[in-house]
Each structure stands twice: as structure tokens, then as C-alpha cells.
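To start, the structure itself, in C-alpha cells.
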Amino acid sequence: MQMVERRGASANGDARPGDSEPAFLKLEGITKQYGTYTAVDNLHLDLPRGKLLGLLGPSGCGKTTTLRMIAGLLSVSGGQIKVGGDDIAQKPPHKRDIGLVFQNYALFPHMTVAENVAFGLEMRGVAKSEIATRVEEALEMVRLPGYGTRKPKEMSGGQQQRVSLARALVIRPRILLLDEPLSNLDAKLRDEMRVEIREIQQRLSITTVFVTHDQVEALTMCDCVGVMSGGKLAQLGSPEDIYERPANLFVADFVGRANALEGKIEDVDTVRFGDGVYKCDTHGARNGKATIVIRPHRVHVTPNRDRTLVSVMTNSVHGRVLRVTYIGDVVQYDIDTGTHVLKAEVHTASGGHAFAAGEKVLCEWKPQDMLVFAGGGQ
Amino acid sequence: MIGKITIPFRILVLCIYLFLLGPMLIVLPLSFSNDSYLTFPPQSWGVRWYTAMFGHQKLMEAFQISLGIASTVTVLGLAAGLPAAYAIRRYSFPGRDAAMSLFTAPLLLPSIVLGLAILLVFVQARLLGTFTGLVAAHLIVTTPYVIRIMTTAFSTLPPSVEEAATMLGASPFTVFRRITLPLLMPGFVASAALSFLISFDEVVISLFITGPRMTTLPVEIFDYVESRTDPMTASISVCLIAATLLIIFIIERTLGLSKTIGK
Ligand SMILES: Nc1ncnc2c1ncn2[C@@H]1O[C@H](COP(=O)(O)OP(=O)(O)OP(=O)(O)O)[C@@H](O)[C@H]1O
Ligand SMILES: [Mg+2]
């Protein structure tokens, strides 16, 4: 998909997270090339001390590559990685003082849990007696006190991942990196671990980069979210920025569900698609093609009535329900408006009218719920 | 282990053990016979044939040659098989699967076919009845085992485990010493022991390529049994079985055999 810049929002976001705070982790144009293929392309990113950054993006967009370059397990083809002001891009990984948690846990199978956690402390020449207390503290922190004598294979996936977290944190690294740490866990455990990781991260106030392709994870856990696409940063901003004010069509489409409709800008406050004319904010554009994004859950579906009776939402279109999909907490309607198929989501708990396939309805939405991206879509 | 260990299963295992170890019940008493011919039970007892065995010059020479060949084969097989296994597990390159199949193909061929093929090639290369020839022939048999075992060992050691150690501050040498080596050691020892035993035991292929100047212990025993039927064969067998058990015992005690052979 082509990136369509939205007027008034730069790729790095209007509201850069922590504009006031100085960056602790700073990526300055890091690039990774595999032969002629550029996996990460001139990436710039600032992360203030103690913040949790979520790196979000589709498979193959370069998230792991970026993380491994920060860790030092991959060399950079260009650019600088600064931690607290020093460029570490050329430092070997074992001298970087960075904690890394792997998707597959990567515990040392021939060592006990305690030995696993103690390893990093041993490498730092910490005294034996201190190691013992710090290992026990770390295991308590991840709610595994007393598990020290077990071997990794005697523990469940979730427990192993917590050991791996304890092992990374016990050395008090300058930065913590997590590469999809929850993707091998089942949905319920993932929810629990999400909360736990976030709590620990905030308690230790450790600067953290969290790679995920799960947008819920990124939006719920992180102080700021970097959305990547094709090796580039498509947007960096707070979860709310990313969701409510996507900088471009890619972000709007990737994060959350979206109706992306091809249309035309008629004036600074008017767009046209299909047979209708709708009120919205075009961010100053007066004409030209545009892609208009409307979130399905911002579309209100009401029983069919005359459109001229004017909707409270300002924008409305008639349609016929094509398909009804029940997803548990929401019902999704595919509504044929004659020229487009509009997706709408309605909470089942709201007690609203349930519509059947074939029924005629009126869809309504507010001007501020239309995101207009000037330029063509394809 | 899947399922429960039931009584019929125990009986089955017992029968298998009896079948495998049964010959020992005959061979062990026979080796302490003082008779001139193989008779069971022996008429008189003693260590006559053990003494004869150690005094048999051709046999002792063959024993030394076999020892030399087996040691050389073990070292060379590991030297070739280890990097091959590493490359197959850690790198992806075109023809990787084909290479794996090719390297392990000799496992599927009957020894007699291999022996004949090796004979045909070695005649031309003037390798028949030479130390080099025997080592080369045995390597064809043992290297696939090394590659098989070591690829398994490498796949139980994902690169991320070594990387995790690196991120915790371990230098490349420390990673090798504390992580890579201990985790590969069982596979390494298993490959070495298996290579050694296979080479030391190998008779079919060796029969094709040994000559009067250079012969291995199993071939020498084979020749001996063909012409003589005295209890010395039993004494040799007992010595070989004891040596093998000793090796297995040491591995079991130091590493745990079940761990070595795989899960
Ligand atoms: N060793 C390599 N040689 C060539 N290309 C590579 C190599 N490693 C990764 N790539 C390519 O670089 C791109 C980025 O890979 P990366 O692993 O960073 O993706 P990712 O965002 O982590 O994806 P996922 O969500 O699937 O983990 C991919 O297109 C991948 O094919
Ligand atoms: Mg990845």
C-alpha cells in the first residue's frame, strides 16, 4: 500500500512522545541491508528514559531486525544508536548492558532456574552471597519464588518466559528489549503477562522496547507506539495518536479495523464518495482525490428512515444489510450503500436493535470520525 | 515414555534382553574352558585360552591395527562431521537438504553393497590392504552417524540460547565454554563412542579391503574361526564385550546415556 500523507500530520507525529523529556535511547538513521535488500531503512526514533515503546508492524517489516541491531546481535549498515548520549552502534553485544527477552525464552537448558538468573551476575563478577539474594529477589519479582532449583524444562511456557524476564532484569540493564515475548502463550496467559510486564517495567522504570505484531498489545501496554512498514517508521506517537490520528493511510488501515473509501475532496469541509456528500475536516485540502477512513465502530446503524429528517451525526447514508457477523461482544454488519460496502460494528451489550440480513438501515457518523487522506489510495 | 508400563510390556522387554544377552550365558563359561575343542559345558576349567590369545601374535597385531584405525576414524569423522552438521543446522544454503541426504545415504545401504563399491574404487586407487584405505572405508560408514547425531545436538541448541548468554555479558569464548560446549558434549561423546565402536567392530566392508599385510581384529577373528574351533574365540568375545561395556559404563556415569542418545 502506498503511503498517503495526511495533511497536518508528519510521519513522526505531531505530538512526539516526551517532547519535553530528553531521549535516553536514540536511533539516528539506522539502516540494515541484506545484499541489495533494505530490511530497515534510515530509522529515526527517540525514547525517553523509563518509557515503554511498542514496535508494531506486519510480518517482515523489520521489527526484529531493528531490535537485534539495538542489541548488537546484528551489525548496522549505517546510522547511530545512542544510549544516554554514547553511540553504541559499534560496541560488541556483550558489552552493551542491554537485556533481551526472546520469543522462545532461550533459557539455558543445562542450568537450573537459579543458575540461569545468576548467569548475568556471574559475568559481572558480583559476589556469591549477593548473587543469591539478587536471584531470589528477581524470582520473587516475577512471582516464581522457590522455583530456583528447577530445570527450565520442568516449567510451563509462561513460567519459562517469566524466568527469562527475571534473567534479563536481574543485571539491571540500561535498556530492556522484548521480541514478541508473549506470542507463544495462550490468550489468557498473554493477558496476565501483559499486565505483569507492564507493572514490572513501570516499577523499575526501565527504558523498554517491546516488539509485537499484536496491536492490542501495543495499544494497551505502551507509552508510545512506533508503527513500522517496509523497514520505515510509518508513525511514532502515543497509542491514542496512532489510533485516533493516524498519520497516513497505512497506519489507519493497520491499526484497528477501518473502512477505506475512495472519494473526492469538494472543499475544506466536504468530501464526496458514492452518491453522497459528507461533512468532515480535510486539513485544508480543497480538491483532489482522497481516501476516506471511517472506523466501523464509529458508524451508527439505525432503523431505516428518511434521510432528510437529518441525523444528529451530520453524516448519513442509506444501505441494506448484506451480512451479519456475530463476534461475541460486537456484531459486525456489512452494509451495501449502493456504491460501497460499509462495515459497521455495534456492541451487543448496548441493547440496540439487532438487524437482519436484507434489512434496510441508515448509517450515521460524525464529521470528526472521518479521516481524510489526500491523494489516491492504490 | 508414552502410556503406562504394563506387565505384558515388562515381559516383552525381558524376552528381548534374554534374546540379546543369551549368547553371553554360553560364551562366558566357554571362555574359561581348558579344553582343546569347543564343547559345552566345558570338561575342564582355566584361563588357558586367555593366555593363548595374548600370545597370539597375528591377533595382537590386528588388535593394534584396529585400535589405530578406530581412533583415526573417530578423530577424522568428528572433524568432518561436526562442521557439516553445524553448517546444515545453522546456515541455509541452496542444496542443504540434498547435502544432508547425501551425507547420510550410506546409513541406508547394506554393508555388502558398500563393501563391493569400495572394493571396485579402491582397486584402481591402490588402496586395498592399506591403513589409509581402511580408514577411508570406515569413515564412509561412521561419518553419517556423526552428522546425524550432531545435527540433532545442534537443533537442541537454538542460536538464541547462545545469544542470550552474549546479552548477559558473556564474551564469545565464555559463551562457547559455558553454553555451547556443555550442551553439545553429550552428542559429541555419543558420536565419538559410536564411531569408535562401529569402526572397531566393522567386518563386512573390511573383509573386502583387508589384505595379508594389513588386517583388522574382526577380520582376523573371522579367519581364525573359519579354520579353528577352539574356545579362544570365546575368550576374545568376552574381552571385546567387556571393553564395550566399560566404554558405555563410563559414558553413562559421566553424561548419562539416555541423554547422549537423545530424548
Ligand atoms: N539474514 C537475512 N538475509 C536476508 N534477508 C533477511 C535476513 N533476515 C531478515 N531478512 C529480511 O528482512 C526483513 C525484516 O525481517 P524481520 O525479521 O526484522 O521482520 P519482523 O518485522 O521481525 O517480522 P515478524 O513479525 O515476522 O517477526 C524481512 O523481509 C526478512 O525477509
Ligand atoms: Mg520478528
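Sorted from largest down, give the three principal axis spans of the alpha carbons of region A:259-374, whole angstrom values.
Answer, in whole Å and largest first: 40, 28, 23 Å.
Please report the projected area of region B:163-263's Cα convex hull averaged over all directions, in nm².
Numbers: hull surface 39.3 nm².
Spelled out: convex hull of the Cα atoms, projected over all directions, averaged, 9.8 nm².
Give the lysines reachable from A:K153 as a straight Cα distance under 21 Å; neighbours fewer than 8 places away on the same chain don't count.
B:K259, B:K263
May I ask you to order B:212-224, A:320-332 by the average number of other C-beta atoms within 10 Å around their residues, highest value first? Present the calculation step by step, with values, prior to reporting the outcome.
Values: B:212-224: 18.8, A:320-332: 13.1.
Taking the mean over residues of other Cβ atoms within 10 Å, the ranking is B:212-224, A:320-332.
Can you give me the convex hull volume of the Cα atoms of region A:98-159, divided per residue and expressed in Å³? Could you put the intermediate results ahead of the total?
Details: hull volume 5.7 nm³, N = 62.
Per-residue hull volume (Cα only) is 91 Å³.
Roughly how many debye, to the nearest 20, is the charge dipole of chain A about its Cα centre, given +1 on each Lys and Arg Cβ, -1 on each Asp and Glu Cβ, and no other charges?
Working: 46 positive and 45 negative charges, 120 e Å.
With Lys and Arg at +1 and Asp and Glu at -1, about 580 debye.
What are the radius of gyration and Dmax of chain A, computed over its Cα atoms and given in Å?
Rg, Dmax (Cα atoms, Å): 24.4, 80.
Quick check: from the Cα gyration tensor, does region B:1-143 come out rounded (a/c under 1.5), prolate or oblate? Walk me through the numbers before you get to the answer.
Values: a/c = 2.76, a/b = 1.32, b/c = 2.08.
Oblate is the answer for region B:1-143, as a/c is 1.5 or above yet b/c matches or exceeds a/b.
In whole Hz, what ³J(HN,Hα) sequence does region A:32-49 give by Karplus (6.51, -1.76, 1.60; θ = phi - 60°), x for Gly and Pro?
10, 10, 10, x, 8, 8, 9, 7, 10, 10, 6, 8, 10, 6, 10, 10, x, 4
Pull up all non-local amide H partners of A:V361: gap of 5 or more, or a different chain, and H-to-H distance under 5 Å with H placed in the peptide plane.
For A:V361, the qualifying residues are A:G319, A:R320, A:V321.
Projecting each Cα onto the charge dipole of the protein assembly as shown (Lys/Arg +1, Asp/Glu -1 at the beta carbon, about the Cα centre), which of A:I88, B:F188, A:G148 comes out farthest on the positive side?
B:F188
Using only Cα atoms, what is the ratio of the radius of gyration of region A:22-149 to 2.2 N^0.38 Å? Please list the in-between numbers first.
Working: Rg = 17.3 Å, N = 128, 2.2 N^0.38 = 13.9 Å.
Ratio of Rg to 2.2 N^0.38 Å for region A:22-149: 1.25.
Would you mind giving the average projected area, over all directions, of the Cα convex hull of the protein assembly as shown in nm² with one decimal? Walk me through the intermediate numbers first.
Values: hull surface 169.9 nm².
Taking a quarter of the hull surface, the average projection is 42.5 nm².
A:K289: which aspartates and glutamates have alpha carbons under 16 Å from its alpha carbon, excluding same-chain residues fewer than 8 sequence positions away?
Those aspartates and glutamates meeting the cut-off are A:E5, A:E262, A:E266, A:D267, A:D269, A:D275, A:D281.
Could you give the radius of gyration (one decimal) and Dmax (whole number) of the Cα atoms in region A:136-254, in Å?
Looking at region A:136-254, its Cα Rg and Dmax stand at 16.0, 52 Å.
Please list the non-local residues whose amide H lies under 5 Å from the amide H of A:I175, H modeled 1.01 Å from N, same-chain partners needing a gap of 5 or more.
For A:I175, whose amide H was placed from the backbone, the distant partners under 5 Å are A:G99.
In whole angstrom, note down how far apart the Cα centers of region B:102-170 and region A:160-204 are.
42
Would you tell me the mean number of C-beta atoms belonging to other protein chains that fall within 10 Å of each C-beta in A:72-78, as a whole number?
On the way: counts 3, 5, 0, 0, 0, 0, 0.
Neighbouring Cβ atoms belonging to other protein chains average 1 per residue here.
Return the Rg/Rh value of region B:24-96, two decimal places, where both radii are evaluated on C-alpha atoms and Rh is the Kirkwood radius. Could you put the intermediate results ahead of the total?
Numbers: Rg = 22.4 Å, Rh = 16.4 Å.
Over the Cα atoms of region B:24-96, Rg/Rh equals 1.37.
Place +1 on the Cβ of every Lys and Arg and -1 on the Cβ of every Asp and Glu in the protein assembly as shown, take the dipole about the Cα centre, and give the residue among A:A187, B:S235, B:L245 whose Cα lies farthest towards its positive end.
Going by the charge dipole, the pick is B:S235.
Ordered by packing density, taken as the mean number of other Cβ atoms within 10 Å over each peptide's residues, highest first, how do A:23-33, B:235-245 rank? Let's see the in-between values first.
Numbers: A:23-33: 19.1, B:235-245: 16.3.
Put in order of decreasing packing, that is A:23-33, B:235-245.
Quick one: putting +1 on the C-beta of Lys and Arg, -1 on the C-beta of Asp and Glu, what dipole do you get for chain B around its Cα centre, in Debye to the nearest 20?
700
Put a dot 7 Å past each Cα toward the Cβ at B:I248 and A:S77; how far apart are the dots in nm?
With each label point 7 Å from Cα toward Cβ, the separation is 5.5 nm.
How large is the charge dipole for the protein assembly as shown, taken about the Cα centre, if only the Cβ atoms of Lys, Arg (+1) and Asp, Glu (-1) carry charge, to the nearest 20 debye?
On the way: 62 positive and 57 negative charges, 100 e Å.
Here the protein assembly as shown has a charge dipole of around 480 debye.
Provide the per-residue ³J(HN,Hα) series for region B:8-20, in order, calculated from phi with Karplus coefficients 6.51, -1.76, 1.60 and θ = phi - 60°, each as a whole number of Hz, with x at glycine and proline positions.
x, 5, 4, 5, 4, 4, 4, 4, 4, 4, 4, 4, 6
Determine the principal axes of the Cα atoms in chain B, then give the extent along each, sorted from largest to smallest and rounded to whole angstroms.
On the principal axes, chain B reaches 71, 57, 34 Å in Cα extent.
Mind checking region B:77-185 for trypsin sites (Lys or Arg not before Pro) that DSSP puts in a loop (not H, G, I, E or B) and that have at most 16 other Cβ atoms within 10 Å?
Details: sites: B:R89, B:R90, B:R96, B:R126, B:R148, B:R177, B:R178; in loops: B:R126.
Here the sparse-neighbourhood loop sites are B:R126.
Can you find, among B:A84, B:L128, B:P110, the residue farthest towards the positive end of the dipole of the protein assembly as shown? Put +1 on the C-beta of Lys and Arg, -1 on that of Asp and Glu.
It is B:L128.
Which loop-located chymotrypsin sites (Phe, Trp or Tyr not before Pro) does region A:173-279 contain, where loop means any DSSP state but H, G, I, E or B and the Cβ has at most 15 other Cβ atoms within 10 Å? Spell out each step's value before the answer.
Details: sites: A:F210, A:Y243, A:F250, A:F254, A:F273, A:Y278; in loops: none.
Sparse-neighbourhood loop chymotrypsin sites (Phe, Trp or Tyr not before Pro): none present.
In a solvent-free Debye calculation with one equal scatterer on each Cα, what is log10 I(q)/I(0) for region B:95-185 at q = 0.20, 0.21 Å⁻¹, listed in the order of the q values?
-0.94, -0.99
Enumerate the amide H contacts of B:S33 below 5 Å, restricted to partners 5 or more residues apart or on another chain; note that Pro and chain-start residues carry no placed amide H.
Distant-sequence amide H within range of B:S33: B:G46.
Run the helix sum for chain A: -39,500 (n - 2.57) per DSSP H stretch of 4+ residues, divided by residue count, reported at 222 nm to the nearest 500 deg cm²/dmol.
-6500 deg cm²/dmol
Whole number in Å², please: accessible area per residue of chain B, 1.4 Å probe, ligands, DNA and RNA not counted. Could you put the intermediate results ahead of the total?
Values: 14890 Å² over 263 residues.
Value returned for chain B: 57 Å² of accessible area per residue.
The values are calculated or read from the model by the stated rules, or taken from the named source; none is laboratory data. Note that the coordinates shown come from a computational prediction; the quantities given were computed from them, not determined experimentally. A quick note on method: Cβ atoms are made from the backbone with ideal geometry, for glycine too, and the neighbour counts reach across all protein chains shown. Side chains included, ligands, DNA and RNA excluded: accessible areas come from the protein's heavy atoms. Shrake-Rupley method; radii C 1.70, N 1.55, O 1.52, S 1.80 Å.
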